[in-house]
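Report on the structure given below.
Throughout, read-outs are computed from the coordinates displayed, never taken from laboratory work. Keep in mind it's a predicted model, so treat the numbers as computed, not measured. Cβ sites come from the backbone with ideal geometry, for glycine too, and all protein chains shown count toward neighbours.
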Amino acid sequence: MAIDKVKLQVLADHSLAAAESMANTLCRTAHSTFVKETEDFTTGLTTAEGETFAAPRSLGATWFVGLDYANVIRMIDDYREGDICMTNDPYSGFVCTHSPDIHLWKPVFHKGEIVCFAVGHVHNTDVGGAVPASLSRTLTEVHQEGIRIPPVKLFRAGELDQQLLDVLLTNVRVRDQNWGDLKALVAAVNTGERKVREMIAKFGIADFRIGIRDLLDYTEATARSIIRTIPNGTYAFHDYIDEDSPGGVPCRLALDAIVGDESIVLDFRRSDPQLSSSMNMPTGGAERHTLLLVAIYHAFYSLRPDMLVNAGMTRPFRCLLADGSILNPRYPAAVGMRSLTAIRLQDVVFGFLAAAMPERMPAAPAGSICIMNVLTSDPKTGRRVMAAIDPLVGGGGAMPGFDGSNGSGGNAGFLKNTPVEINEVEVPIRVLRYGLTPDSGGAGRHRGGLSVTLEFQVFAPNTVITARNRDRTRFQAWGTQGGRAGAPSSFFINRGSPKARVLGNTDICTVEPGDIIEISSSGGGGWGSPFDRPAAAVLADLEQAFVTAEGAKRDYGVVIRDGVVDNAASDELRQRLRSQKVKDHFDFGPEREAFERLWGGANYDVLIERLRSVPVEWRFFLKRKVFDAVAASAKEKGDIGPATIAAIFGGVKREFPQLS
Amino acid sequence: MSEKRPPKPRRIDVGVDIGGTFTDVVCRSPGEPIRAVKLPTIRGDPSAAVLRSIAYMSRHWDVAPVEIARFLHGTTIATNAVIERKGAKIGLITSSGFKDVLEMGRGSRQALYRAILEPETPVFLAPGSRRKEVKEQVSAKGEVVVPLDEAEVEHAAGQLIVDGAEAIAICFIFSFLNPAHELRAREVIRARHPDLMVSLSCEVDPVFREYERTVVTAFDAYMKPVVERYLGKLERGLLEAGVGAPLQVMQSRGGLAGTKVARKRPVRLFMSGPAAGVIGGTIVGRMAGKGDLITIDIGGTSSDIALVEGGRPIIRPEGKIAGFSVRVPMVDVNAIGAGGGSIAWLDTAGGLRVGPHSAGSEPGPACYGRGGEEATVTDASVVLGYLDPDFFAGGSLRLIPTLAHEVIAKKVARPLGLAVEEAALGIHRVINAQMVEGIRLVSIRQGVDPRRLTLVALGGAGPLHATALAAELAIGNVLIPRHPGVLSAAGLLAAPIEHEVAQAFPRALGGLSLTEVRRALAGLDRGCARLMAEDRVAPQAVSVEYFADMWYVGQSYPLEVPLRMSERDPLASLYEDFLALHDRIYGHSTRSPAAIVNLRAVHRAGGSDSVGELGYEPTGTDARKTSRLIRVAAERGPVLAEIYDRAAMVPGFTFWGPAIVEQDDTTTLVEPDWRGTVVSDGNLYLERQ
């Protein structure tokens, strides 16, 4: 029996307020910059079975509203009032998806029965392991990614398990921060429990139990009503991660979406096999794992900003994943950098939606959410410091009707930057520049959002910079409706000096006293033809230093001299550019065009299909061999088709008779 | 007529609150009942509104302009200038490398899930072309690393002025630790452009976090010329009308300031209007002997909710202006988009929603008969029998009940398969739930259990929702002021003059010397004293309070803790108070090391405990007018409610709900189980049994 619609709306308001007040408690009392400033955390309430029915709408990370705690809830038996359970193991239930995320769940009892769970997670700056901050693409096994705590009780009937806590804190690099954040998370789930009790007192237990299920049904119904507005059909879209491992070859994430009347199948099986680096995304092969559907949350909420955000959004979807693939790896594959993959996967799902609804969807957001960490020491006191300094997020994709938001936006608006005036106090570095990058937004009738450039100097030897999730130095954020791709990202040390180093997608490096690090994120894609952008808007961009005079001419065909638009010259140039550069709906940038001349859709399909026929351990290894062989063969013969790829694969495989 | 009496030397206080639709005027002269009137606001010319109110007072109330001793003013000028983007054209000068801080903000979004969005930072204050960088660098310890390039300052200012800048804001990194570069930059600019207004971040908001400081400094520059012009016009209007009394303006914290100070600190006027309302509510509570209150001011489009503790409104360190966070202390008013004109609608999944869109006053609710085609909360109130169609706003607007019934039937009841009355009750339940969460947010944010509070209902629609909200929150006491509609203006009469000065003081509490704290506080006191002197307040009339913003070492969001220097060991008490407050607000605290972030001094003078010898005089007629059937949430069918005339209720008059109390400026719904008593000052006290 459903509760009435009026009561349901009232329950929805109260549930949202409960989740937000949990988030508020957490964020205001946390200790690490990453939690309290960047806000990488979640809070929520789930049903007794584990489905999230309430999540904050304005605080914390956006990736987990569809999270299903069922697997980990089942791994604990005998819940008591006052228990708080914990895990950070990516292979125990696939609730936690990389080791720095510590998840808690606390049962809320009513008369001896569990009615729901108050849940949440914080991303700890470090949980030990091979590298500071625990995450790097170079890692190959989950065991290198820090301590793993399987589902276990941190509090038993209100009593802290001090031994467990000591084990945890002994294994991490900055124990005070972890403990400070964990305390804040405990306070948050306790707040959640209190709020649930208030709701039960108000609605009565029977209505509360039914009501929280109704909230999920209700959001599901809204999601299905949105799907009804998407034209039925099959849509294919793919995008690439620049490298499948440090210095590696591209890694493809591919989607075939089948849109029905009220449901959608997302078939990801043409994506890369499991990697030997840490960019695997652990899902357990679940059909509706939250990390597969993040773009859906953003897109659907954008289409219906009044919708209630909860796990009901995931119900009309069915995802198909290949076993032993990047989106469904087998233990003990490393998974620390799954965020990079999750972000690119969002671009893929956005791409399918842009193909299905070109007039309603924005171009690609920057697609790179780089997290900067510095491990250094204070030159005067010798104090060792390890801290996240800033997330480097790129521009938002240009929208139908608006320019993309500068500096951040699209799917990346949940991470806050850290004030320079906090960074320099807590970390002995000096920030020289933190600003927008000219000419980085994808050109278009509506311009893509600009990327961000951060430049800073370090003062101690053996300073380690980690720039996690760096990508898109090669493949760019795509433009739509004739809009151009956004500028790629970049990473330099001592740019323009004799000691200069170009680091591309490198995510960890050691620097020396006096070195200057300069890092730029990628720009968002443009929307509509750049030659349709009014010259006055291009001039305004020039005045704001969003484009240079050179960029205005090259990308928009607008000639500006001494701050004035030369209309005659612009008209002529635009006419010429319009006739020679006919773009499809999507523009992916020159690097991808070049790559796909060799590794276009059909060729890559053959590779993936063949790789699936060999054991998991061999797939990544053979992929590299095939890439090398194809590169060599292309040099000799030029044109290569699917048949050649199949032949090359066969040849490579024959080198290893143990495989037959 | 016998011989003319010599004019009495009266000292009359006048409070004028200029709102978008009405200008509220309240007048208090010793020994006489307080008088109040609502006059239509004349758009675009505040001095005309002031002149009209003075003319009204002399014509109807026999108040001569020379008798006015204080002229107190609450204004929405600052907020409106932001909403309408009518501030000055300004330029922003920053440290090299940081001109985009204003645009990028904290990089995050309020609407997290939206992929399609507009800027959430106030870029309009200074778009890219009006942001200039100059070479200078100060370290995290306040040492100069790169000296200020004065030629660049001169060049940047010159360019900005050519571009039409009327004021310049300067915000350098770490200037709150070492203001030398900002001060010098101003000198350099002033040497060439002596009349240009310059706002320095080290003066406006000398606290860390460069984005937040840049925003408030840029707003300061943006507002300065506007506030200057506005106050100048008002003062000229007063002089023309023959008022020689000084003009004082309500600031966002709920204290008054003279115009000289207000001109210097324009960002402190953002909450001027709502702050006066909260002060009014506070005073009404004090008159009834209640110090812990929730005030809710329900208007047509929104509701302002505030918490009062121990007779003092809660102040928060930053607030929202037209959607932008601005770090300037203000009365903690939570404005939510729920009011009498809020529109009820059905979403695609068939759920009943109310607001945030409002029918406003034009066309207004359907029952106004002005072409409104949406079902509003007011229409629901008509259907439920709360509003007498012939006695709305004192009978000045005749409501059409059939239109209310039709619109609710069409928009809500039929699609949901409900009876019209059920649908109307549903609309009230949904809007009340939003208000209840708004109240919870302000109280629980402060760790205060709402059950022990008294609810003070203000605004035209407040008293209609008061008992329902109180019941939801398990609040047992409600106060309905005699004139809920003009309480903001009345609040002006009772507010103190107040000045506040803060300074960054980043020190761990452990080992901190009291002498150092004393020295810092003395500096703050001097700053406050200068401001008080400008308002011509005698030093002996001033009371002083200190506060410390504190956190655990490692945290990022401080709590404001009173610093009582009269204690035997002030710093030890400070630590204990911090622990208690942290526990109250966040539900946990440990004896871990804590630190001070900022110190603050607040100087106050004047203020009163009542809005005047109200001399409440009932009309003397029968208070009970009639009875009619109404619907309430707690009962299945209609209930018979007594209808009372507020103006006729004598002090001590007691009645039981279900009842409706009608008066010119509002209607009070008293639900079943509530008992009402009129107290001596004319305020109405409701208690749940």
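What fraction of the DSSP beta bridges in the range A:366-529 is antiparallel, stated in percent and rounded to the nearest 5?
95
Going by a ≥ b ≥ c, the root eigenvalues of the Cα gyration tensor, does the range B:87-222 fall in the rounded group (a/c under 1.5), the prolate group (a/b larger than b/c) or the oblate group?
oblate
Can you tell me, using C-alpha contacts under 8 Å and at least 6 residues apart, the relative contact order of the range B:87-222 as a whole percent?
32
Under the rule a/c < 1.5 gives rounded, and otherwise a/b versus b/c splits prolate from oblate, where does the range B:322-435 land using the Cα gyration tensor?
Oblate shape, in that a/c is at least 1.5 and b/c is the bigger or equal ratio.
So, by mean Cβ neighbours within 10 angstrom, what's the order for B:25-36, B:68-79 with the highest one leading?
My ranking of the peptides, most packed first, is B:68-79, B:25-36.
With a Förster radius of 41 Å, plug the Cβ-Cβ distance of B:Ala393 and B:Trp345 into 1/(1 + (r/R0)^6) and report the FRET value to the nearest 0.05. Before the final figure, lay out each step's value.
Details: r = 26 Å, r/R0 = 0.63.
The value I calculate is 0.95.
How much net charge surrounds A:Ala48 when only other residues with a Cβ under 13 Å from its Cβ are counted (Lys, Arg +1; Asp, Glu -1)?
Taking every other residue near A:Ala48 into account, the sum is 0.
Which residue, A:Gly204, A:Val189, A:Ser21, has the largest displacement toward the positive end of the dipole of the range A:5-223 when charges sit on each Cβ (Lys, Arg +1; Asp, Glu -1)?
A:Gly204
Given the convex hull over the Cα atoms of the range A:366-529, what projected area results after averaging over all orientations, in nm²?
9.0
Output the antiparallel fraction of DSSP beta bridges having both residues in the range B:87-222, as a percent to the nearest 5. Don't jump to the answer; show the numbers that get you there.
Numbers: 2 of 15 bridges.
Given both bridge residues lie in the range B:87-222, the antiparallel proportion sits at roughly 15 percent.
Across peptide B:167-177, what mean number of C-beta atoms from other chains lies inside 10 Å of a residue's C-beta? List each step's numbers first, then the result.
Details: counts 0, 0, 0, 0, 0, 0, 7, 4, 1, 1, 2.
Rounded to a whole number, the mean comes out at 1.
Direction-averaged shadow area of the convex hull around the Cα atoms of the range A:515-660, nm²?
Numbers: hull surface 58.0 nm².
Projected area, direction-averaged: 14.5 nm².
Using C-alpha positions alone, give me the convex hull volume of the range B:208-301 per residue in cubic angstrom. Provide the component values of the computation, followed by the final result.
Working: hull volume 16.0 nm³, N = 94.
Measuring per residue, one finds 170 Å³ for the Cα hull of the range B:208-301.
Pull up the cross-link candidates among the lysines for A:Lys153, meaning alpha carbon to alpha carbon under 23 Å and not fewer than 8 places away within one chain.
Answer for A:Lys153, where 23 Å is the Cα cut-off: A:Lys106, A:Lys111, A:Lys183, A:Lys195, listed by chain and number.
Given a Förster radius of 60 Å and the C-beta distance between B:Glu240 and A:Ala201 as r, what FRET efficiency does 1/(1 + (r/R0)^6) yield to the nearest 0.05? Intermediate results must be reported in sequence, preceding the final value.
Working: r = 61 Å, r/R0 = 1.01.
That gives a FRET efficiency of 0.50.
Quick check on the range A:5-223: what does the Kirkwood estimate of hydrodynamic radius come out to from the alpha carbon pairs, in Å?
17.4
What percent antiparallel are the DSSP beta bridges of the protein assembly as shown, to the nearest 5?
On the way: 175 of 216 bridges.
Given both bridge residues lie in the protein assembly as shown, the antiparallel proportion sits at roughly 80 percent.
Quick check on packing: order A:173-180, A:521-528 by the mean number of other C-beta atoms within 10 Å, highest mean leading.
Order by mean packing, descending: A:521-528, A:173-180.
Within a 10 angstrom radius of each residue's Cβ in B:413-421, how many Cβ atoms of other chains show up on average? Whole number is fine.
Across B:413-421, the average partner-chain Cβ count within 10 Å equals 1.
Can you grab the distance from the C-alpha centre of the range B:160-208 to the C-alpha centre of the range A:458-531, Å, no decimals?
Going from one Cα centre to the other spans 34 Å.
What does the net charge come to around A:Ser377 if you take all other residues with beta carbon closer than 9 Å to its beta carbon, with K and R at +1 and D and E at -1?
Result for the local shell: +1.
If the reach is capped at under 20 angstrom between alpha carbons, list the lysines near B:Lys264, excluding any in the same chain fewer than eight residues apart.
B:Lys86, B:Lys89, B:Lys224, B:Lys233
Enumerate the whole-percent occupancy of each 5 Å bin, from 0 to the last occupied one, for all C-alpha pair distances of the range A:600-659.
Histogramming the range A:600-659 at 5 Å steps yields 4, 18, 34, 26, 12, 5, 1 percent.
Go from 0 up to the bin containing the longest alpha carbon distance in the range A:550-623, width 5 Å each, and give me the % of pairs per bin.
3, 12, 14, 13, 11, 10, 8, 6, 7, 6, 5, 4, 1
Given an 8 Å cut-off on Cα distances and at least 6 residues of separation, report the relative contact order of chain A as a percent.
11
Towards the positive end of the charge dipole of the range B:87-222, with charges on Cβ (+1 Lys, Arg; -1 Asp, Glu), say which of B:Val123, B:Ala185, B:Val207 has the farthest Cα.
The listed residue farthest towards the positive side: B:Val123.
Using only the alpha-carbon atoms, what does the range B:516-558 span along each of its principal axes? Please give whole angstrom values in decreasing order.
Result, largest extent first: 43, 20, 15 Å.
Applying the Karplus parametrisation 6.51 cos²θ - 1.76 cosθ + 1.60 with θ = phi - 60° to the phi angles of the range B:193-209, what ³J(HN,Hα) value in whole Hz is obtained for each residue in order, glycine and proline being reported as x?
Those phi angles translate into 10, x, 9, 6, 7, 10, 10, 10, 5, 6, 9, 6, 7, x, 9, 5, 5 Hz.
Per the Kirkwood treatment, what hydrodynamic radius in Å, one decimal, follows for chain B from the mean inverse distance over all distinct Cα pairs?
For chain B, inverting the mean 1/r across all distinct Cα pairs yields 27.0 Å.
Shape call for chain A from the C-alpha gyration tensor, a ≥ b ≥ c root eigenvalues: rounded (a/c under 1.5), prolate (a/b greater than b/c) or oblate? Show your work: numbers first, answer last.
Numbers: a/c = 1.38, a/b = 1.34, b/c = 1.03.
Taking the square roots of the gyration eigenvalues as a ≥ b ≥ c, chain A is rounded.
Once you place label points 7 Å from the Cα toward the Cβ at B:Arg526 and B:Arg190, how far apart are they in nm?
Placing both labels 7 Å beyond Cα along the Cβ direction yields 1.7 nm.
At a threshold of 8 angstrom on Cα-Cα distance, excluding pairs fewer than six apart, so keeping six or more, what relative contact order does chain B reach in percent?
12
What nm distance separates the two modelled labels at B:Arg451 and B:Asp163, each placed 7 Å from Cα along Cα→Cβ?
If labels sit at B:Arg451 and B:Asp163, their model points lie 5.8 nm apart.
For the range A:263-320, compute Rh as the Kirkwood radius over C-alpha pairs and then the Stokes-Einstein diffusion coefficient at 10 °C and 1.306 mPa s; write the answer in µm²/s, rounded to an integer.
Values: Rh = 12.8 Å.
Roughly 124 µm²/s, to the nearest whole number.
Summing -39500 (n - 2.57) over the DSSP H runs of n ≥ 4 in chain A and dividing by its residue number, what mean residue ellipticity at 222 nm do you reach, to the nearest 500 deg cm²/dmol? If you can, show how the numbers build up before the last one.
On the way: 16 runs with 218 residues, N = 660.
Only helices count here, giving -10500 deg cm²/dmol.
How high is the FRET efficiency between A:Ala602 and A:Tyr331 when r is their beta carbon distance and R₀ equals 30 Å, given to the nearest 0.05?
Working: r = 33 Å, r/R0 = 1.10.
Efficiency at R0 = 30 Å is approximately 0.35.
With a length cut of 24 Å (Cα positions projected on each helix's long axis) and a Kyte-Doolittle mean of at least 0.0, go through chain A and give me the DSSP H helices that pass.
Values: long enough: A:5-29 (36 Å, 0.18); A:175-203 (42 Å, -0.53); A:205-227 (34 Å, 0.30); A:338-356 (27 Å, 1.01); A:616-637 (31 Å, -0.22).
Span-like helices here: A:5-29, A:205-227, A:338-356.
In whole angstrom, how long is each semi-axis of the equivalent ellipsoid of the range B:536-689, when you take the square root of 5 times every eigenvalue of its Cα gyration tensor and sort them from largest down? Walk me through the intermediate numbers first.
Details: eigenvalues 479, 126, 26 Å².
Listed largest to smallest, the semi-axes of the range B:536-689 are 49, 25, 11 Å.
Would you mind pulling out the separation of the Cα centroids of the range B:455-507 and the range B:533-584, in Å?
24
Radius of gyration and Dmax for the protein assembly as shown's Cα atoms, expressed in Å?
32.6, 128
Taking 0.36 nm per residue of sequence separation and subtracting the Cα-Cα distance, how much length would be gained by fully extending the chain between A:Arg576 and A:Glu609, in nm to one decimal?
Length gained, A:Arg576 through A:Glu609: 7.5 nm.
How much net charge surrounds B:Gly372 when only other residues with a Cβ under 11 Å from its Cβ are counted (Lys, Arg +1; Asp, Glu -1)?
Neighbourhood net charge equals -3.
In whole Å, what is the distance between the alpha-carbon centres of the range B:220-277 and the range A:341-395?
Computed from Cα coordinates, the inter-centre distance equals 45 Å.
For the ranges A:543-554, B:492-503, A:644-655, A:240-251, what's the packing order if you count other beta-carbon atoms within 10 Å of each residue, average per peptide, and put the highest first?
B:492-503, A:240-251, A:543-554, A:644-655
Take the range B:625-680, compute every pairwise Cα distance, and split them into 5 Å bins from 0; I just need the percent in each bin.
The percentages, shortest bin first, are 5, 19, 30, 25, 13, 6, 2, 0.
Over all residues in A:402-412, what is the mean tally of Cβ atoms on other chains that come within 10 Å of each residue's Cβ?
On the way: counts 4, 2, 3, 11, 8, 8, 7, 9, 5, 4, 4.
Mean partner shielding for this stretch: 6.
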